[in-house]
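Step one of this worksheet: look at the structure below.
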Amino acid sequence: MAEGRIIKALSGFYYVSGPEGTVQCKGRGVFRNKKIKPLVGDQVVYKADNYKEGTVTEVKKRKNELIRPPIANVDQALLVFSAVEPAFSPLLLDRFLVHVEESDIDPLIVVTKEDLASEEVMKEVARYKAIYQKLGYPFYVVSNTSNKGLEEAALHFKDRITVIAGQSGVGKSSFLNALVPELNLETGAISTHLGRGKHTTRHVELISLYEGLVADTPGFSSLDFQEMDESELSLYFPEMRERLPDCKFRGCTHRKEPGCAVKEALEQGEISESRYNHYLQFYQELSEQQRRY
Ligand SMILES: Nc1nc2c(ncn2[C@@H]2O[C@H](COP(=O)(O)OP(=O)(O)OP(=O)(O)O)[C@@H](O)[C@H]2O)c(=O)[nH]1
Ligand SMILES: [Mg+2]
Ligand SMILES: [Zn+2]
């Protein structure tokens with residue numbers, strides 16, 4: 001018996017990285033009856049039949065579990081945006097951030113294609129960088145063609161499982177290729193048809209990178225909030241979360257209530273207008289969603 005981590009699932013086999021390399025494993029028959037489906041990212045116990053084949057016998061308790069992509073034990077989400085082509089979207093970034101805050105995953109923000117963007121666009125990106133860094137979110141501006149800024153961002157991979165997320169064409173695969181050219185991940189898909197690039201691979205795989213494990217994913221163009229109550233929303237904006245106790249009313253929604261510490265901070269310029277406006281927009285979306293059910 002040995003312990004390892006599932007780094008790839010393909011055609012019914014689990015590829016387990018253990019003390020003696022990667023072993024191709026079957027799931028144990030009883031998993032099916034117990035409805036246990038091993039996932040990429042799972043820490044497992046396995047029995048090796050020989051140096052390359054074996055059987056997974058036990059799945060260790062998970063810290064968390066993502067549905068799309070199906071990966072367990074995720075520590076960090078690398079949120080990739082491009083400065084241009086497609087244009088940087090602070091609205092989509094805030095949407096992602098609400099999701100990662102809700103799932104208790106740490107975000108790492110990377111903006112690519114610095115080499116393609118005008119000075120004016122880069123000034124705007126720098127303005128946002130200051131906003132997010134102030135909130136404690138790591139934020140890097142990089143170029144996958146000149147390799148500028150890549151290593152600094154990649155140092156965050158160490159000892160963690162990272163999932164990459166972002167729209168199609170922002171340079172997720174290019175980012176990984178630029179770090180490790182031997183990876184040879186397919187790139188160049190700008191097709192937004194069906195919300196995913198035409199070249200993107202279907203299987204999920206964790207790649208060893210900078211002393212951590214990283215999963216590339218196909219891009220997508222929309223992201224819905226699921227089963228979130230609008231009253232929870234400000235918990236996922238750290239600058240609002242920390243001010244909640246100072247709002248006059250319990251359950252303050254930070255919209256029209258008097259004595260609201262969030263609105264006060266907004267007026268003082270301590271909370272960014274773009275973040276606050278996105279909060280209002282998401283709040284509206286969520287309350288409309290509630291009414292539909
Ligand atoms: N100039 C420049 N081009 C880039 C950069 N990063 C990516 N690209 C180009 O942008 C296009 C899309 O890059 P991909 O890496 O395939 O994007 P992706 O995010 O993996 O896209 P999907 O797999 O479809 O989700 C490719 O043509 C890349 O060569 C960059 O930093 N600078
Ligand atoms: Mg890709
Ligand atoms: Zn308030």
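The values are calculated or read from the model by the stated rules, or taken from the named source; none is laboratory data. Since the structure is predicted, the reported quantities are computational estimates derived from the model, not experimental observations. Glycine gets a Cβ as well: all are built from the backbone with ideal geometry, and neighbour counts include every protein chain shown. When the accessible area is computed, the model is the full protein with side chains, heavy atoms only, and any ligands, DNA or RNA have been set aside. Shrake-Rupley method; radii C 1.70, N 1.55, O 1.52, S 1.80 Å.
At a glance:
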read-out	value
Approximate shape of segment 1-63 as ellipsoid semi-axes (Cα gyration tensor, √5λ), whole Å, largest first	16, 12, 11
Solvent exposure, largest accessible area first (probe 1.4 Å, DNA, RNA and ligands not counted), of R62, R95, R250	R250, R62, R95
Of all DSSP beta bridges in the chain, antiparallel share, percent nearest 5	55 percent
Segment 66-215 pair-distance distribution - Cα-Cα, 10 Å bins, rounded %	11, 44, 38, 7, 0
Over segment 230-292 - Rg/Rh using Cα atoms and the Kirkwood inverse-distance radius	0.95
Candidate aspartates and glutamates for bridging to K113, where Cα separation is under 13 Å - those fewer than 8 sequence places away on the same chain excluded	E85
Isotropic mean projected area of the C-alpha convex hull, the chain (nm²)	17.9 nm²
Cross-link pairs K34/K60; K37/K63; K26/K60; K123/K172; K63/K172 - those with Cα-Cα distance over 19 Å	K123/K172; K63/K172
Calculated FRET efficiency for the pair E58/Q268, C-beta based, R₀ 41 Å, to 0.05	0.15
Point-charge dipole on Cβ atoms (K/R +1, D/E -1) for segment 75-168, about Cα centre, debye to 20	140 debye
Isolated Cys residues of the chain, judged by Cβ distance under 4.7 Å to other cysteines	C25, C260
Residue-span extension gain [L209 to L135] - 0.36 nm each, minus C-alpha spacing	24.0 nm
Computed [θ] at 222 nm, helices only, for the chain once each DSSP H run of length n ≥ 4 contributes -39500 (n - 2.57)	-8000 deg cm²/dmol
The chain, relative contact order in percent, only Cα pairs under 8 angstrom and at least six apart counted	14 percent
